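A short write-up of the structure that comes next.
The values are calculated or read from the model by the stated rules, or taken from the named source; none is laboratory data. Keep in mind that this is a model prediction, so the values were computed, not measured. In this analysis, Cβ positions are derived from the backbone assuming ideal geometry, glycine residues included, and neighbour counts consider all displayed protein chains. What goes into the accessible areas is simple: the full protein's heavy atoms, side chains included, and nothing from ligands, DNA or RNA. Shrake-Rupley method; radii C 1.70, N 1.55, O 1.52, S 1.80 Å.
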Amino acid sequence: MSEDLDEAAVTNAISSFSIANQQQHGLSEQQPSGVQLSRHIVSRSSSSKDITSSFQQAAGWLQTGELVKDELFTLFDAVAALEIMDAKMDSGYLEPGEPLEDYYDVLQPLLPEELIGIMDSLLCLQVAWQIGYPLSQTVFASVFVENILWPEPRTLKEATFRSRGTVAPNLSLCQQILRVYCLLLIKSCDFIYRRISEETYYEEEDFFTQLYNRPLLTVFPSEQISLLAVKLLETLDTDTSIPQVQREAIISRLKVQYCFLDAVQDTLESILEAGKPLWEKLLDQLQPVQDSHKLGKSIPGTISSKLQRRIASSVPPRPVVELSFPSAIEFMKRLCKNGSLLGEITKCDDLSALVMFVSFFQAQHPQPTTYMRCQLQRLILHKFSYLEEPSLSVTGRHKIYEEVTRLVYPDTQLAIAAEADSIGPVDELTRDKQELTAAMHRFAVIVHKPLWIYVRTLTMNRSRTRRMLCHTAIEWDVVQLELEDLDADIRQYTSERPLQEQVEELWEYPLSSWAYDIKLRQLISIHQLSVELEIIHKEELSTTYWTLQWICSVRHGHLQRIALFVKARANKLNRPTRVELEAIQTTLLTLQYHTDHTIAIAALAEGLAVVSTIPRKRNPTKPLPKLYHTLTVLNLLSQPRRAPYSSDSLRHLLRTRPFQHILQPSLPASNQEKALKASFYEDLVKTARQIPHNPPRQNLPAHLKEGLALLDHVDSMIKTARKAWDQVARTDVSIARAEACETAWRADIKNIQKSTIAAGLVSSTVRKWIENGAGEGELDVQVEMGHDAGLYHVFWIVPKVKRKA
Amino acid sequence: MVDTAAGLLGEPLETTDELRYFKYNSTYETIYLPLIRQLISKDLSEPYSIYVYRYFLYQWGDLCFMAFDNEDGLVGVVVSKLEAHRDVPLRGYIAMLAVREEYRGKGIATKLARMTIDAMIEQNADEIALETEVTNLPAMKLYEQLGFLRSKRLHRYYLNGNAAFRFLLLIKEPAAPGHDFFDDDELAEMKHT
Ligand SMILES: CC(C)(COP(=O)(O)OP(=O)(O)OC[C@H]1O[C@@H](n2cnc3c(N)ncnc32)[C@H](O)[C@@H]1OP(=O)(O)O)[C@@H](O)C(=O)NCCC(=O)NCCS
């Protein structure tokens, strides 16, 4: 399941080297300059020999540039090498006259406007670090932070500004404020750092864990630091030495750090119960800070990349990350928004609701930060602790059975067995029941880990989520197979009889049906994420939407199959209890919701698959093709791409490669897909031939009739999509399992509805052009398509068409 | 040195009005390597040490191609490798591609990329990979026009925090049972190149 070791992550490797290097060697710190090493080391047990000349002689036999390496020498090793006398690689290299370190006296007098400026630049560093840059290029680049953290303070009193090693006797008010501001800031970094690195799952690309031997005030309780802030705030309330406007600006900044520290030092209880107010309080404080930014004055020299020489001496300093103040504030506001959403997770009663919540939490743009995603994982494991249990508990099993019941409402005997397994037997079990109970137990054990991996996958960064889903889909394929065996096995203990569908016998396969649906949803997500992450090129969109439509139609069929069995069973129940009736009702409504949702996606995807063939460009040096050309050629014939090294079938192979090990559904092979599209096209031509009876189109040439038939098809798809999305929107929020994320869920549907309408507009616009005399064929269209062109929803790329003037 | 740099490489592989294209020759490393480094390092935020260049050039010098102008100045270069990668027997990898700023937009990079790809195909490559920053429009366009597809997005792949796309070009259909071979027209399409 591991991701590619990205082979030529040349630049990345440089960074990993620097980390390893500092930890293993820490060269310059252990070896003070000026120490003369003796030329020969002589000990009793060994003797030394100067091999300089033989080495030189041996080296002389080599050509310059000849590489002497063993089999195991990799690109990473090559990248790890440093070059002396290159400013970018040699940490000691200085331009003539350049000092090794910048000197800034942290105790020089500090004006209020300078204090404000420094506070704001510190906030930028603090945010840049949270975005994912190393401490060395962010927070640790501040001379004030460095001054407080090194030498390492033994008491909180020592955590203050020092000039040449000695604690300053008296700090001015502004200096005191700056000190406390720094302490609050560092301590919040401490909490964030520990939260992320203690969390089981974060990804190396998300966060740098290197601390460079500078503990982030870990040993000092945050209450003590907060208390310092409280006292200072009291002083500031009455102090008049700083002019009112500046004083207020300073107070709001202190409060931001104070509230931030409060918000990140959460216990689980505090996120769940009091988390929201904490983040909201912080949000309130950010506005005055933003408004008063102009009062600050920046002072050069307070941020220095050269401080990196002290902490990471083996690599030369890298530039300090420059983040603009507005982006820093934007970031903090988003953090508050995400933070206040998190507690909503308490409303998730089951896995379906959790998956829904996580999906919408993660779909926010930009994506929630690593810290927030860690919090999310932590809450998931708190609320759904059974997911990670080494051996699945009774509660866990019960929760998993609930999931199955909700979707497939299995046979009463299975339900009883599940209950017997999780809650305990109601009466003495017959042998058959014992077997069934054991089977249900086995079922829960089989799906336990895959379920957790699935949920965990959804909490990663978007790119990784997409890649991991390709793996989870394969895993669920295997799960499904295992469960099919189990399903067949348990028939002997239940009284299941197959349904007779014409000549076919249909067996229910309840457990594997449920697993299959999870896998199909993962396949749908993969394709939607590919669009969102722009992995799909414009020219491939049509094919991607076609595939998406295909998967949805498979899922649609699958859901109908499940519904068939549920309904048959419901009809057979005599004197069902109220509880049974309610459960069946819930299952049927759930199936209806999923069916609507699947149809909605399928129809919009099919509409767009056809629409997005419109902008096909054949030869960039020539003007865009005549509209009717594109429409007739459509996507249905092989795409004439200027791609000398590729072919339809190779591209298809590459695109379907992640799914080639999946047995069900087996994506159509390249030629099958072509055949499918060709028959679609034939139908279309047939329809077009019937059009002459329709007066306004009578006189159009054949290819335009075909074009119009195509647009008719688009329109009918869009109509279906609109109806289905309306249906989805009308679903009871509890059936959709969206109680914990209702606002996001509704907004999402709204945006897709807008995309659907926009797609319909494209079709009607083009139709008008054709009908209003494009008979001559002189119709040049300008098409904009893609994320830059503005979208209502990132999953749905609707082209924008304009007639060329 | 300037007036002999290209001369040392013998007959050019291809000549246009203002350019001559050559395959790299490691005999003259001392002459070409500094030129290549200079050209490539201009566009890099992070430096590669000389060992990185040597790592590629020493082992896969035959996949490196250079374009010189009439003054014998190096205007473009491509550096690649070709080796086993997981279950792919031979995966090509385009590590560096750069064209001097004044010469961009004239198809030079495309030509260099094609030379290295052709050389890899000749050596039986199964597929070819590379990465670019998601913001590098010229590079993405270039590779897409050659038939590469984006296969993955890599979050915060570069030290500057930018994400990357991994691009892939399948050269051969993996020999799996049950797979159809190329259609005739597809074979023709490939030979045509
Ligand atoms: C990427 C680079 C090598 C392209 O070199 P080049 O010689 O200009 O490329 P080409 O002339 O072959 O152009 C190839 C395509 O890219 C397009 N292109 C070139 N510059 C472009 C730009 N600034 N914006 C958008 N597209 C551009 C061209 O239009 C051309 O497509 P066309 O055939 O439809 O006209 C060059 O820009 C460069 O050296 N960049 C810095 C190094 C780098 O990024 N290397 C790639 C890392 S893998």
- Within the range B:27-39, considering residues that are more than 8 Å from chain A (Cβ to nearest Cβ) and of a type in the set (A, V, I, L, M), the one nearest to the ligand (Cβ to nearest atom): B:Leu39
- Note on the structure: Within the range B:113-124, of all residues that are aliphatic (A, V, I, L, M) and surrounded by fewer than 24 Cβ atoms within 10 Å (Cβ to Cβ), the one nearest to B:Lys81 (Cα to Cα) is B:Ala119
- Task: Go through the residues of the range B:75-83 one by one and say whether even a single one is over 20 Å from B:Phe167 (Cβ atoms) and either modelled with pLDDT of 95 or more or touching a Pro at 6+ places or on another chain (Cβ under 6 Å) (or both).
- Result: yes
- Query: When the residues of the range B:40-56 are filtered to those that are in a helix (DSSP H, G or I) and more than 7 Å from chain A (Cβ to nearest Cβ), which remaining residue is most open to solvent (accessible area, probe 1.4 Å)?
  - Reply: B:Ser41
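Here's the yes/no breakdown for (1) touching a Pro at 6+ places or on another chain (Cβ under 6 Å); (2) buried (at least 17 other Cβ atoms within 10 Å of the Cβ); (3) of a type in the set (Gly, Ala, Ser); (4) modelled with pLDDT of 80 or more:
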{"position": "A:Ala602", "(1), (2), (3), (4)": "no, yes, yes, yes"}
{"position": "A:Gly607", "(1), (2), (3), (4)": "no, yes, yes, yes"}
{"position": "A:Val611", "(1), (2), (3), (4)": "no, yes, no, no"}
{"position": "A:Asn619", "(1), (2), (3), (4)": "no, no, no, no"}
{"position": "A:Arg641", "(1), (2), (3), (4)": "no, yes, no, no"}
{"position": "A:Leu653", "(1), (2), (3), (4)": "no, yes, no, yes"}
{"position": "A:His661", "(1), (2), (3), (4)": "no, no, no, yes"}
{"position": "A:Glu682", "(1), (2), (3), (4)": "no, no, no, no"}
- Message: When you scan the range A:193-204, do you find a residue that is within 14 Å of chain B (Cβ to nearest Cβ), within 27 Å of A:Arg310 (Cβ to Cβ) and free of Cβ contacts under 8 Å to residues at least 12 places away in the same chain, even just one?
- Response: yes
- Is it fair to say A:Val404 is closer than 26 Å to A:Thr587 by Cα, more than 14 Å from chain B (Cβ to nearest Cβ), assigned to a helix (DSSP H, G or I) and without any contact (Cβ under 8 Å) to a residue 60 or more places away in the chain? no
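With the condition being within 13 Å of the ligand (Cβ to nearest atom) and free of Cβ contacts under 8 Å to residues at least 40 places away in the same chain, I'd like the strands (runs of 3 or more DSSP E) fully within the range B:58-112 carrying at least 3 qualifying residues. Full working, then the answer.
Details: elements: B:65-69, B:74-85, B:88-99.
In the range B:58-112, B:88-99 are the strands (runs of 3 or more DSSP E) which contain 3 or more residues that are within 13 Å of the ligand (Cβ to nearest atom) and free of Cβ contacts under 8 Å to residues at least 40 places away in the same chain.
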- Evaluate the range A:470-485: report whether one residue or more is of a type outside the set (Asp, Glu), part of a loop (DSSP other than H, G, I, E, B) and in the same structural domain as A:Val531 (by TED's automatic domain parsing). no
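Would you confirm, using the coordinates I've provided, whether A:Glu95 is on the phi < 0 side of the Ramachandran plot, away from chain B (no Cβ under 14 Å) and not in a helix (DSSP H, G or I)?
Yes, satisfied.
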- Message: Exactly one condition in (1) more than 24 Å from A:Leu227 (Cβ to Cβ); (2) buried (at least 22 other Cβ atoms within 10 Å of the Cβ); (3) not hydroxyl-bearing (Ser, Thr, Tyr) is false for A:Lys294; which is it?
- Response: (2)
- Message: Consider the range B:59-97. How many of its residues are surrounded by 15 or more Cβ atoms within 10 Å (Cβ to Cβ) and basic (Lys, Arg)?
- Response: 2
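Scan the range A:98-120 residue by residue and report those that are in a helix (DSSP H, G or I), open to solvent by 10 Å² or more (accessible area, probe 1.4 Å) and either under 24 Å from A:Asn213 (Cβ atoms) or among the charged types (D, E, K, R) (or both).
Passing the criteria: A:Glu113, A:Glu114.
Which residue out of A:Leu481, A:Leu469 is open to solvent by less than 30 Å² (accessible area, probe 1.4 Å), at pLDDT 90 or above and not polar (S, T, N, Q)?
Just a single option satisfies the conditions, and that option is A:Leu469.
Every residue, every condition in (1) among the aliphatic types (A, V, I, L, M); (2) surrounded by fewer than 18 Cβ atoms within 10 Å (Cβ to Cβ); (3) free of Cβ contacts under 8 Å to residues at least 12 places away in the same chain, yes or no:
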{"position": "A:Ser305", "(1), (2), (3)": "no, yes, no"}
{"position": "A:Pro316", "(1), (2), (3)": "no, no, no"}
{"position": "A:Leu335", "(1), (2), (3)": "yes, no, no"}
{"position": "A:Glu344", "(1), (2), (3)": "no, no, no"}
{"position": "A:Val358", "(1), (2), (3)": "yes, no, no"}
{"position": "A:Pro366", "(1), (2), (3)": "no, yes, no"}
- Item | Neighbours by Cβ (under 9 Å, 6+ apart or cross-chain): first from the range A:260-277, surrounded by fewer than 15 Cβ atoms within 10 Å (Cβ to Cβ); second of a type in the set (A, V, I, L, M) | A:Leu268/A:Leu379
- Item | Given (1) without any contact (Cβ under 8 Å) to a residue 40 or more places away in the chain; (2) in contact with a His (Cβ under 9 Å, 6 or more places away or on another chain); (3) among the β-branched types (Val, Ile, Thr); (4) open to solvent by less than 50 Å² (accessible area, probe 1.4 Å), number of the condition A:Thr437 does not satisfy | (2)
- Message: For the condition modelled with pLDDT of 90 or more, small (Gly, Ala, Ser) and buried (at least 21 other Cβ atoms within 10 Å of the Cβ), what is the one hit in A:Ser525, A:Ser512?
- Response: A:Ser512
- Query: Can you spot a residue in the range B:126-137 that is in a loop (DSSP other than H, G, I, E, B), within 12 Å of chain A (Cβ to nearest Cβ) and either open to solvent by less than 20 Å² (accessible area, probe 1.4 Å) or within 7 Å of the ligand (Cβ to nearest atom) (or both)?
  - Reply: no
- Item | Where A:Leu232 falls short, out of the listed (1) hydrophobic (A, V, I, L, M, F, W, C); (2) surrounded by fewer than 17 Cβ atoms within 10 Å (Cβ to Cβ); (3) closer than 16 Å to A:Leu178 by Cβ | (2)
